[in-house]
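Presented below is the structure to which this report refers.
The values are calculated or read from the model by the stated rules, or taken from the named source; none is laboratory data. Please read these numbers as outputs of a predicted model, since none were measured by experiment. In this analysis, Cβ positions are derived from the backbone assuming ideal geometry, glycine residues included, and neighbour counts consider all displayed protein chains.
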Amino acid sequence: MLRSLLFCALTLLGATGPTALAAPGPDPDAALARLADYLRIDTINPPGNESRAVAFLAKIFDAEGIAYETFEATPGRGSIVARLPGGDQPALMLLNHSDVVPADANAWVVPPLSGAERDGYLYGRGALDTKGLAMIQLEAFLALHRSGRALDRPVLFATTADEEAGGYFGAGWMVRQRPDLIADVGFVLNEGGGGRVQGTIPVFSVEVTQKIPLWLRVTARGTPGARLLAPGAHGPGRSDSGPGPGDGAALCAAPAARGGRGHEGRGRS
Ligand SMILES: [Zn+2]
């Protein structure tokens, strides 16, 4: 699957220039090894420690001679933005995040941060969200750089912190404090879509937005009461003699309570 995704990423980037990418092509084995190394970096959020991922990526960009900037919204919560220069068309940004959600090792067949390969699968917290995406984008980014082609637009590679907890110390901070880093960006390729082969047909889904908290202010009119029984006794929100004055309040309150829990929970993307 990694090989097919690499091909997809390179195809997308090839469309940004007037001609297709030339050699050198991607090296799937090296990309796989790099992904395994990346999975072994502990960036579980909380607390994040995403500057570890920044150091990993900065070393690669240094070796390749690619310009980049880093920032820490708070100590240890680092992000990095690398840039390939190009023409005056709106820039394309490849965006991913380095933090991952916690993992219960008891529920894993291998240690969550092992980057172990088993039966043809690479295991690791964040392999799909989004360290795998990061390495796919990175391979495309590096191939574009190595091709030496003149680009009709700048191409950015950005790895940000704290996406799993709202992005306040990552993309959110960058938008607020360093908008200059992304001022020329016209297009962003980010997580959310996906690709798979259905039968013999490659299918790529495109996600254009994500759900966000929906806050509702609910007003219930009627005579308040406290005649409710536990759900299941005689049906939710009903007293033993059937619907009463308190039922309206109970039915209105339930959706609001669900909405509240949803907001407090950690976002996944
Ligand atoms: Zn994600």
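The figures follow:
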{"quantity": "Residue match in the stretch 146-167 (condition: more than 24 Å from residue 47 (Cβ to Cβ), touching a Leu at 6+ places or on another chain (Cβ under 8 Å) and in a helix (DSSP H, G or I))", "calculated": "yes"}
{"quantity": "Some residue of the stretch 40-48 being within 14 Å of the ligand (Cβ to nearest atom), of a type in the set (S, T, N, Q), closer than 18 Å to residue 155 by Cβ and buried (at least 21 other Cβ atoms within 10 Å of the Cβ)", "calculated": "no"}
{"quantity": "Residue 178, sole failed condition from (1) of a type outside the set (Phe, Trp, Tyr); (2) at pLDDT below 90; (3) more than 16 Å from the ligand (Cβ to nearest atom); (4) in the same structural domain as residue 92 (by TED's automatic domain parsing)", "calculated": "(2)"}
{"quantity": "Qualifying positions in the stretch 94-119 - within 16 Å of the ligand (Cβ to nearest atom), in a strand (DSSP E or B) and either of a type in the set (Asp, Glu) or in contact with a Phe, Trp or Tyr (Cβ under 8 Å, 6 or more places away or on another chain) (or both)", "calculated": "94"}
{"quantity": "Per-region count, the stretch 78-93, residues part of a loop (DSSP other than H, G, I, E, B) and within 16 Å of the ligand (Cβ to nearest atom)", "calculated": "0"}
{"quantity": "Candidates 125, 52 - the one that is basic (Lys, Arg) and assigned to a loop (DSSP other than H, G, I, E, B)", "calculated": "125"}
{"quantity": "Test: residue in the stretch 153-161 that is among the charged types (D, E, K, R), more than 14 Å from the ligand (Cβ to nearest atom) and either modelled with pLDDT under 95 or over 17 Å from residue 48 (Cα atoms) (or both)", "calculated": "yes"}
{"quantity": "Selected residue (only one of 128, 133 is surrounded by fewer than 20 Cβ atoms within 10 Å (Cβ to Cβ) and within 16 Å of the ligand (Cβ to nearest atom))", "calculated": "128"}
{"quantity": "Yes/no for residue 32 being within 16 Å of the ligand (Cβ to nearest atom), within 28 Å of residue 145 (Cα to Cα) and surrounded by 14 or more Cβ atoms within 10 Å (Cβ to Cβ)", "calculated": "no"}
{"quantity": "Near pairs, Cβ below 9 angstrom, 6+ apart or cross-chain, from the stretch 149-167 (over 10 Å from residue 97 (Cβ atoms)) to any residue that is within 12 Å of the ligand (Cβ to nearest atom) and among the acidic types (Asp, Glu)", "calculated": "165/99"}
